[in-house]
Every structure is written in structure tokens, then in C-alpha cells.
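Presented below is the structure to which this report refers.
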Amino acid sequence: MSKNTITHLIHDRNARGHAQTGWLDSYHTFSFGSFYDPNRMGFRSLRVINDDRIAPGAGFPTHGHRDMEILTYVLEGAVEHKDSLGTGSVIRPGDAQIMSAGTGISHSEFNPSPTEPLHLLQIWILPDEQGLTPRYEQKAFPIEEKRGKLRLIAAKDGRDGAVTIHQDVDLYASVLEQGDVVNYQVKSDRYAWLQVAQGIVTLNGEELRAGDGVQINGEEQLEISTNIGSEILLFDLG
């Protein structure tokens, strides 16, 4: 495939769904809750990317999930997690947390700080089989491992210290500073999704801002750069 063949589609940040309550300000990349767009029902196994800001001392009370791989990626602040497996943890920037809901799990998520805001991405991925045993996993990835390069943080085989996900997905994170460039080759039999978590980046000459997502439909050489501090997630999807 020639370098100039375009195989990607930008999902504009301004076309996301938006829900706001007294304590939650949430943007939905894909259809979620009261936001429905037939052109935004997910991509491959990727079903939900919610960009959530949670007020100090507030959060989601205990609620249930089934048959979903749920990833939490914190950008600012911290989230306190409790679930029906007996897990209690605090998730901070740099951590990757995954909860396999499987046959059923209940959990709560709160901002434990009385003063600091919480900003996170909540990601749902359809599992490769239903009825799995519920599980929880959390690992820390120092910023040095993500600065100016793509760090694998979730994968089906859990390689390179990544958390394990029950789906054919490799999830990379990168923190970019001025002048940084990362490259990635999407193979001809794969798909990808680039999510701009923070800042402004350039993908193959096109400017993208926080909240933009890019659907990559086949083989493409990606070159991602920035002139300001930025953070991205890149999903390599089967």
C-alpha cells in the first residue's frame, strides 16, 4: 500500500455525546447512555471510550457489569475502586487497571480527594468469550517508560508486563513532549484506533486535539508528533 493511501477516519471531538450532572462531566466517543449515533457504535471490539471528569468527593456508587473488559486510565487525580471480589485500590496517573466483568461483578468508583478534580478515560472492550470468571488487575507504568515512545500497557498475552485482556487487542500509551515523534506500523490484517487523551498531536500531517479519535481501517504507517505536552492511547485491534 502506498504511503499516500489514506485508510483512516477522524472522529471529531465535537461530535461526541455529552452528559453533565452536578458531579460528572462526561464525553462519549461512542454511543452510550442517552447518546445514540448509528455511526458511532464502537469499532471492532472497542465499544466505549468515555472521557470523564468527576468532582471532588463524588463518584459512581456500586453498580453491576457483565461480559465486558473494562479499563480505567487516569489522567489527573485519583480514583478509589471497590468491587465485589473484595478488591480495594486507588488508581493514579500511570496505572493501567482492568476489570473483567465476566459472569458478573459489582463495583464503585469515587474521587477520594475533597479538593482535587479527577479526569479519567473509561474504556470498554468486548471480550473474546462470554461467561468468564470475573477478575481484577492493576499495574503501574512509570512515565519514563512512556515518554517519547509507545509502551504496551494491555495485551491478550500480558507480555512485557502489560495487564492481561481477554481480547485480541494491544493497547499502547505514550506521553509526548515538544519534538517527540513516535512511529507505528498497522499491519494489513489489523485495525487500529488512536485516542488523543491530552494535548495536541499531528498524525501523518493532520492536527488532532484532546478528545479526537482516529479509526484506522487497515495497513498504514503512522507518524505521531507534537509541539506541546500530549498523551495518547493507541489500540491495535484484531
query = Out of Asp170, Asp52, Asp83, any idea which swings most in a Gaussian network model of the chain, alpha carbons joined below 10 Å?
reply = Asp83
key: Shape metrics for the stretch 1-85, restricted to C-alpha atoms - Rg then Dmax, Å   = 16.0, 52
query = Out of every Cα pair in the chain, what percent are spaced more than 23 Å from each other?
reply = 48 percent
request  = Excluding residues fewer than 8 places away in the same chain, name every one of the aspartates and glutamates whose C-alpha is closer than 13 Å to that of Lys139.
outcome  = Asp95, Asp160
message = Taking a virtual spin label 7 Å from the Cα of Thr103 along the C-beta vector, which residues in the stretch 128-146 bring their backbone nitrogen under 12 Å of it?
response = 131-135
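Under 10 Å from the Cβ of Asp128, count the other residues' Cβ atoms, weight Lys and Arg +1, Asp and Glu -1, and hand me the total. Before the final figure, lay out the partial values.
Working: positive: Lys156; negative: Glu69, Glu129, Asp168.
Around Asp128, the charge tally is -2.
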query = Lys/Arg Cβ at +1, Asp/Glu Cβ at -1, dipole of the chain taken about the Cα centre: which of Tyr73, Val201, Gly86 is farthest positive-ward?
reply = Gly86
query = Where Rh is the Kirkwood radius over the Cα pairs of the stretch 21-157, the temperature 20 °C and the viscosity 1.002 mPa s, what D in µm²/s does Stokes-Einstein return?
reply = 137 µm²/s
key: Burial ordering of Val79, Val181, fewest other beta-carbon atoms within 10 Å first   = Val181, Val79
ask   = Dimensions of the stretch 146-191 along principal axes (Cα, Å, largest first)?
value = 35, 26, 12
message = Just want to confirm a number: the relative contact order over the chain, from Cα pairs under 8 angstrom separated by 6+ residues, in percent.
response = 19 percent
key: Rounded to 5, the percent of DSSP beta bridges in the stretch 76-233 classed as antiparallel   = 95 percent
task = Under 1.5 on a/c is rounded, so check that first for the stretch 100-238, then, if it is not, pick prolate when a/b is larger than b/c and oblate when it is not; a ≥ b ≥ c are the square roots of the alpha carbon gyration tensor eigenvalues.
result = oblate
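Every number here is computed from the coordinates shown, using simple stated rules; none is lab data. Quantities reported herein were computed from a predicted structural model and do not represent experimental measurements. Quick reminder, even Gly has a Cβ in these numbers, built from the backbone with ideal geometry, and neighbours come from all protein chains shown.
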